[in-house]
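Trainee: This is the structure I want to talk about, given as C-alpha cells.
The values are calculated or read from the model by the stated rules, or taken from the named source; none is laboratory data. What you see is a predicted model, and the numbers here were worked out from it, not measured in a lab. Ideal geometry is used to build each Cβ from the backbone, glycine not excepted, and the neighbour counts take in all protein chains shown.
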C-alpha cells in the first residue's frame, strides 16, 4: 500500500452537493492496485454515492481487514477516520466503534478471503448482531496479494490462471447473509456503476447490517478463460433480478410505476427505495423464496444481482441492547460515575 | 476423645459438598456470620469445572491476627459428600473434628484415632421436616450451619439477622431457613459437648470492612472509571467480572427518564472479536475493556500487537487460571506473566498491573484506564482465580469524588484550529506519546489506523528508516510508562538483612504470614511486593541492595524471575525461585520452607 498523494487541481464550476462539497472532497489517496482492477471501480462508486448522499466526511468511519480490497478505504473520503485492521477482523472493530458512537456512518470494505475464510466467523456475527453498517465484499475469487490462490468464493469448476480447477464448493456471501437471518443482502458487479451507486446508498440508509457482495474481477489473477469471476463471464451471465432506485428523504417520488412490478420500501431515515423487478416473480421480502430463486439461478451459472433481500424492520444491535440514543462517548463523566455516596451505600450489602 | 488444643478465633473450617446443591448460600452465611463477629475471615472456593454433581469444597479461615492465606490445616471438616468422605477424613489436622451426615452409615477403610468424628443425621431430620425434595437438599446444607453454630459458638442471632436481610422480601424462606438452622443447632446441643475447644468468639464487628471478590471489585473499578463499552467471551474464572459489571450498570447506568442504557456490553463470538470490539470502541473515544483468562489472551494476541503498534488504548483483565492449554479452568495460577508482558509477534511490550487483593483490583482497574489512555497502549490487569473469585475481607472501598479521568493527549476541533496540520504519530513532547483525535469530530483530524508499517506522520511506509523511527519512539514511551505503573511496596525486616524476597499478586497473604513466622525463628527478610511492569528504579535498587533475593510465584517456570532477569540488571545466581503451582492458592508453609531450607543449606555449606 504505497502512499501516493493525489495532485489537487482546482476546477472551476465543479458541481457541489447539498453541503457544498465537491466530488473530489470524497476522494482519498491514489490507488496502487493493478490497472483495471474492479476494486477501483467500486471505490469510484463509493465516492459517487457518499457525495450524492451529502454526508459530512467526518461523520464517516471506514474500516477494512487485510488484502487488496482492504487497501481501498485509503482511496476514498480522506476526511473520514480509517481503520485498516487485521485479517478478517474488521467486523469486530466496527462493532466496537459503533458501540461507542452509534451516530457514526460506518462502511466496511472486505474481500472474499477476508470475510469468507479467515473472517467467516466475524462476518457471520456482524450479520447476526445486525450491526448498523454497510458491509462491502469485493469478491474476485482469488487471493491477489499472495499471487492467485483460490478463495472460498471460487465456484466449483472454475479454473485458476495456472490451470488448476477448483473442486470445492463456493461460499456465496449474499446467500449466506440471507441464510444467517441478515436484513439486507445485495449483489452487484464492479462494472455496473448504475446499479452499484444506488445499492451503496440503500445500504447506508438501511438501519442494520447491509451486506453488499460485489463481483470485482482480478485483472492479474482471475480474468482469464475458465474463470467464473472474470469481466467476460460476469457480463455474459449477469442476471439482475431487481433494480434499485434510491430516493432521498424530502424528494418527491416522481417516476410512475406499475403496481406489482415496483416495490417501494420506506427506510427509517425517510428515504425510499424503489425496487423495480426485472423478473416479475421475484419478491425481495420473502426469505425462503429468495433463497430458492438464487439457488435455481446459481445452478445455471447465472450471477443474480440487485437488492436480493430486505427486511428494514429487524432491530439492529443497539435497539436489541436498549442503548441510549446518541453516542456513549458524548456522556459526561459525571453521568457515568455514581459517586462516593453510592459506593458507600452499595457496600452496606457486602458485610 | 483425642486431645485438642484450644483454638479460639484461629481455625479453618472446610466443607465438602456436591456441586449444584446450594451449598454456596450456606457457606456464605457461615462466612458472613464469622465476619460480623469481628473475626478476620477469608473464604476459598475449590470447585470443579462442572455444573452439577461433582465434589466441591469451601474453606473458611478465621484468624484473629488477620492472616488470610490458605493455611493448609483443617480444624473442622464438614463432610457432606459420601463420594469424598475418606479423602476428607484424611485431611483433618490431628486433634481436629469431622462432622458428617450419619443418616447413612459411612464405611471408612481408615479409622482415625487422632480426630473426633461427630455424626449428625442431617438428611433424616430434614426429610422429616421438609416435603419437597429440592428443599430437603438445600435445607440439609443450611442445617450444618446450625450444627456449627452450636459447636463453634457462632452467634445464632447474627445468622437470623443475615437470613432476614437476604430474604427481606420472602419471609417464608426466612422461616424455613431458621427452622433448618434450629434442627442442626438443637441436635448438636443435645448430643455433643458444646462448644468445642475450636471455636469463635465475638471480637468486634469488623466495622469499616467488607467481603468482596476481586472480579466484583474490578467491575466496580470499571464502572467508576467511566467505562462504557465492555466486550467479552465467557471464560472461567473471568466471567463473574462481566456479570458484575452488567449488574452494576443496570443499577447505576440507566437513564432515569427513559430507562435506556448508558453503556453497551457485547458478548462477542470469541476472544478475537472481544479484543477487536475493545479496540474499535477505544479508537472512537470510549473507555472499553475485556475480561478474560489465559486462553483468551492467546487468541487476543493478534489484536494486542495491533493495539501496541497502532497505539490504541485498551484494557485487558486476565484472571489467570491453570495452564497450559485448557489446563484446570477452576484452579488458580500466576502463569500468564510472560504471555502478557510480550503478547503478540514482533517487538512488543505491555505494562502489567498486579493486584494482590480485591481492593487493588478496584484501584488498578481505574488506574488501568488512565494509563491506557495516557500511554495509548494495551494495559493488562493480571489478577487470578484466587483474587478474582474467592471471598476476601478488605477495608471498605473509598472513592474520591474529585477524580477525573486522564483521557490522555486528545485533540478536538479547537486544538486543530491551532495546528497547521495534524499528524498522528508525531512526538511533540519528547515523552514518546503522540496526539490522537476521535472519529466523528473533525475532518482535519482524520487519520488512517494501520498495523502495517507507518511513519511518524501516519502514512504507510516501507522505508526502513521511517519504520525504525516509529519503533524507537515506542521505546521512549515505554520509559514514560515506568513512571506511571504503581510503585512497589517495601516491607523492611526488623533487622538489617542481606536477604530479600520479591512476590506479587495473590501470594502476598502467604508471604506476609511466612515472613512473620521466619522472623520469630530469627530469619529476617526484606519484602518487596511488585505491583507493576515495566519495573522502575525501586525494583532495581532492591535487587542491588540484597545478596539473595527469593522470588515467590505461582507457576512452574519462574516467569517473574525471568522477567526480572530480562528487564533489570539482576544477576541470575542471586535470584532464588520459590514456586507453587498445583492450582491451589499458595500456602505460607511453602514460603517458609523455601526460604528456611535454602538459608539452612547455605549455613551447612558454610560449616562444611
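Trainee: Just the residues that are within 12 Å of another protein chain (Cβ to nearest Cβ) and in contact with a strand residue (DSSP E or B) (Cβ under 8 Å, 6 or more places away or on another chain), please, taken from the range B:402-426.
Mentor: B:410, B:424
Trainee: Let me ask something else. Going by the conditions given, is residue B:601 more than 20 Å from residue B:382 (Cα to Cα) and out of contact with any helix residue (DSSP H, G or I) (no Cβ under 7 Å at 6 or more places or on another chain)?
Mentor: yes
Trainee: Name the single residue that is nearest to the other protein chains (Cβ to nearest Cβ) among those in the range A:78-87 being more than 16 Å from the chain's Cα centre (by Cα) and either surrounded by 24 or more Cβ atoms within 10 Å (Cβ to Cβ) or more than 22 Å from residue B:422 (Cβ to Cβ) (or both). So that I can check it myself, show each step before the final result.
Mentor: Taking the range A:78-87 first, the residues more than 16 Å from the chain's Cα centre (by Cα) are A:78-81, A:85-87.
Those left that are additionally either surrounded by 24 or more Cβ atoms within 10 Å (Cβ to Cβ) or more than 22 Å from residue B:422 (Cβ to Cβ) (or both): A:80-81, A:85-87.
Values: A:80: 6, A:81: 4, A:85: 7, A:86: 5, A:87: 8 Å.
Step by step, filter the range A:78-87, then rank; the result is A:81.
Trainee: Okay, moving on. If the requirement is being in contact with a strand residue (DSSP E or B) (Cβ under 6 Å, 6 or more places away or on another chain), surrounded by fewer than 18 Cβ atoms within 10 Å (Cβ to Cβ) and assigned to a strand (DSSP E or B), which of these qualifies: A:186, A:239?
Mentor: A:239
Trainee: Continuing with the same structure: Can you tell me which residues in the range A:93-121 are away from every other protein chain (no Cβ under 11 Å) and over 13 Å from the mean Cα position of the chain (by Cα)?
Mentor: A:113, A:114, A:116, A:117 - these are the residues of the range A:93-121 that are away from every other protein chain (no Cβ under 11 Å) and over 13 Å from the mean Cα position of the chain (by Cα).
Trainee: Can you pull out the strands (runs of 3 or more DSSP E) entirely within the range B:162-268 that have at least 2 residues that are over 26 Å from residue B:45 (Cα atoms) and in contact with a helix residue (DSSP H, G or I) (Cβ under 8 Å, 6 or more places away or on another chain)?
Mentor: Because the criterion is at least 2 residues that are over 26 Å from residue B:45 (Cα atoms) and in contact with a helix residue (DSSP H, G or I) (Cβ under 8 Å, 6 or more places away or on another chain), the strands (runs of 3 or more DSSP E) in the range B:162-268 that meet it are B:229-232, B:264-267.
Trainee: Any residue at all in the range B:40-55 that is part of a helix (DSSP H, G or I), modelled with pLDDT of 95 or more and in contact with a helix residue (DSSP H, G or I) (Cβ under 6 Å, 6 or more places away or on another chain)?
Mentor: No: zero hits.
Trainee: Residue B:233 fails exactly one of the following numbered conditions: (1) in contact (Cβ under 8 Å) with a residue 12 or more places away in the chain; (2) within 19 Å of residue B:314 (Cα to Cα); (3) within 7 Å of chain A (Cβ to nearest Cβ). What is the number of that condition?
Mentor: (3)
So that you can scan it fast, the table gives a plain yes or no per residue for (1) surrounded by fewer than 19 Cβ atoms within 10 Å (Cβ to Cβ); (2) within 23 Å of residue B:188 (Cα to Cα):
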| residue | (1), (2) |
| --- | --- |
| B:62 | no, yes |
| B:69 | no, no |
| B:82 | yes, yes |
| B:94 | yes, yes |
| B:97 | no, yes |
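Trainee: Let me ask you something else. With the structure loaded, tell me whether residue B:591 is part of a strand (DSSP E or B), crowded, with 21+ Cβ neighbours inside 10 Å and in contact with a helix residue (DSSP H, G or I) (Cβ under 6 Å, 6 or more places away or on another chain) or whether it fails that test. Steps first, answer last, please.
Mentor: On the way: part of a strand (DSSP E or B): no; crowded, with 21+ Cβ neighbours inside 10 Å: yes; in contact with a helix residue (DSSP H, G or I) (Cβ under 6 Å, 6 or more places away or on another chain): yes.
Criteria not met by residue B:591.
Trainee: Considering every residue within the range A:31-54, establish whether at least one is surrounded by fewer than 23 Cβ atoms within 10 Å (Cβ to Cβ), in contact (Cβ under 8 Å) with a residue 40 or more places away in the chain and touching a strand residue (DSSP E or B) at 6+ places or on another chain (Cβ under 8 Å).
Mentor: Checked against the condition, which is being surrounded by fewer than 23 Cβ atoms within 10 Å (Cβ to Cβ), in contact (Cβ under 8 Å) with a residue 40 or more places away in the chain and touching a strand residue (DSSP E or B) at 6+ places or on another chain (Cβ under 8 Å), the range A:31-54 yields no hits at all.
Trainee: Quick check on residue A:181: is it surrounded by fewer than 24 Cβ atoms within 10 Å (Cβ to Cβ), outside any helix (DSSP H, G or I) and touching a strand residue (DSSP E or B) at 6+ places or on another chain (Cβ under 7 Å)? Let's see the steps before the verdict.
Mentor: Details: surrounded by fewer than 24 Cβ atoms within 10 Å (Cβ to Cβ): yes; outside any helix (DSSP H, G or I): yes; touching a strand residue (DSSP E or B) at 6+ places or on another chain (Cβ under 7 Å): no.
In short, no.
Trainee: Starting from the range B:200-215, keep only residues that are within 9 Å of chain A (Cβ to nearest Cβ), then list their pairs with residues that are buried (at least 21 other Cβ atoms within 10 Å of the Cβ) whose Cβ atoms are within a distance under 6 Å, requiring at least 6 positions of separation or different chains.
Mentor: Listed by first residue and then by second, the contacts come to B:206/B:35; B:209/B:393; B:211/B:35; B:211/B:391; B:211/B:393; B:212/B:358.
Trainee: Quick check on the range A:88-100. Is at least one of its residues surrounded by fewer than 24 Cβ atoms within 10 Å (Cβ to Cβ), touching a helix residue (DSSP H, G or I) at 6+ places or on another chain (Cβ under 8 Å), touching a residue at least 12 places away in the same chain (Cβ under 8 Å) and within 19 Å of residue B:312 (Cα to Cα)?
Mentor: Scanning the range A:88-100 turns up no residue that is surrounded by fewer than 24 Cβ atoms within 10 Å (Cβ to Cβ), touching a helix residue (DSSP H, G or I) at 6+ places or on another chain (Cβ under 8 Å), touching a residue at least 12 places away in the same chain (Cβ under 8 Å) and within 19 Å of residue B:312 (Cα to Cα).
Trainee: For residue A:144, state whether it is at pLDDT below 95 and either crowded, with 24+ Cβ neighbours inside 10 Å or closer than 29 Å to residue B:279 by Cα (or both).
Mentor: Considered against the rule, which asks whether it is at pLDDT below 95 and either crowded, with 24+ Cβ neighbours inside 10 Å or closer than 29 Å to residue B:279 by Cα (or both), residue A:144 comes out as yes.
Trainee: Continuing with the same structure: Report, by residue number, each residue of the range B:541-571 that is closer than 22 Å to residue B:596 by Cα and assigned to a loop (DSSP other than H, G, I, E, B).
Mentor: B:545, B:546, B:547, B:554, B:555, B:556, B:557, B:558, B:571
Trainee: If only one of B:4, B:103 is under 23 Å from residue B:155 (Cβ atoms), over 23 Å from the mean Cα position of the chain (by Cα) and not in a strand (DSSP E or B), which one is it?
Mentor: On inspection, the qualifying residue turns out to be B:4.
Trainee: Now a separate question. Regarding the range A:268-283, can at least one residue be identified that is touching a residue at least 40 places away in the same chain (Cβ under 8 Å) and surrounded by fewer than 16 Cβ atoms within 10 Å (Cβ to Cβ)? Break it down into steps so the answer makes sense when it comes.
Mentor: Taking the range A:268-283 as the starting set, the residues that turn out to be touching a residue at least 40 places away in the same chain (Cβ under 8 Å) are A:268-269, A:271, A:273, A:282.
Add one more test, that the residue is surrounded by fewer than 16 Cβ atoms within 10 Å (Cβ to Cβ), and what stays is A:268-269.
Yes, some residue in the range A:268-283 is touching a residue at least 40 places away in the same chain (Cβ under 8 Å) and surrounded by fewer than 16 Cβ atoms within 10 Å (Cβ to Cβ).
Trainee: Only one residue in A:130, A:166 is touching a residue at least 24 places away in the same chain (Cβ under 8 Å) and over 22 Å from residue A:70 (Cβ atoms). Which one?
Mentor: It is A:130.
Trainee: For the range A:307-346, how many residues meet the condition of being surrounded by fewer than 18 Cβ atoms within 10 Å (Cβ to Cβ), in contact with a strand residue (DSSP E or B) (Cβ under 9 Å, 6 or more places away or on another chain) and not in a loop (DSSP other than H, G, I, E, B)?
Mentor: Of the residues in that region, 1 qualify.
Trainee: Does residue A:61 count as modelled with pLDDT of 95 or more, in a strand (DSSP E or B) and either within 14 Å of another protein chain (Cβ to nearest Cβ) or over 20 Å from residue A:215 (Cβ atoms) (or both)?
Mentor: So residue A:61 fits the description; yes.
Trainee: Shifting gears a bit: Within 23 Å of the chain's Cα centre (by Cα) and assigned by TED's automatic domain parsing to the domain that holds residue B:90: does that describe residue B:29?
Mentor: yes
Trainee: Which of the strands (runs of 3 or more DSSP E) contained wholly in the range B:429-533 include at least 1 residues that are within 14 Å of another protein chain (Cβ to nearest Cβ)?
Mentor: Correct list: B:448-450.
Trainee: If you don't mind, there's one more thing I want to ask. Of the conditions (1) over 18 Å from residue B:351 (Cβ atoms); (2) within 10 Å of another protein chain (Cβ to nearest Cβ); (3) under 23 Å from the mean Cα position of the chain (by Cα), residue B:253 satisfies every one except a single condition; which number is it?
Mentor: (3)
Trainee: Out of the range B:111-126, which residues are farther than 21 Å from residue B:194 by Cβ, touching a residue at least 24 places away in the same chain (Cβ under 8 Å) and over 37 Å from the mean Cα position of the chain (by Cα)?
Mentor: Scanning the range B:111-126 gives a single hit, B:113.
Trainee: Looking for something surrounded by fewer than 17 Cβ atoms within 10 Å (Cβ to Cβ), touching a helix residue (DSSP H, G or I) at 6+ places or on another chain (Cβ under 6 Å) and on the phi < 0 side of the Ramachandran plot - is there at least one such residue anywhere in the range B:439-451?
Mentor: Yes; the residues of the range B:439-451 include at least one that is surrounded by fewer than 17 Cβ atoms within 10 Å (Cβ to Cβ), touching a helix residue (DSSP H, G or I) at 6+ places or on another chain (Cβ under 6 Å) and on the phi < 0 side of the Ramachandran plot.
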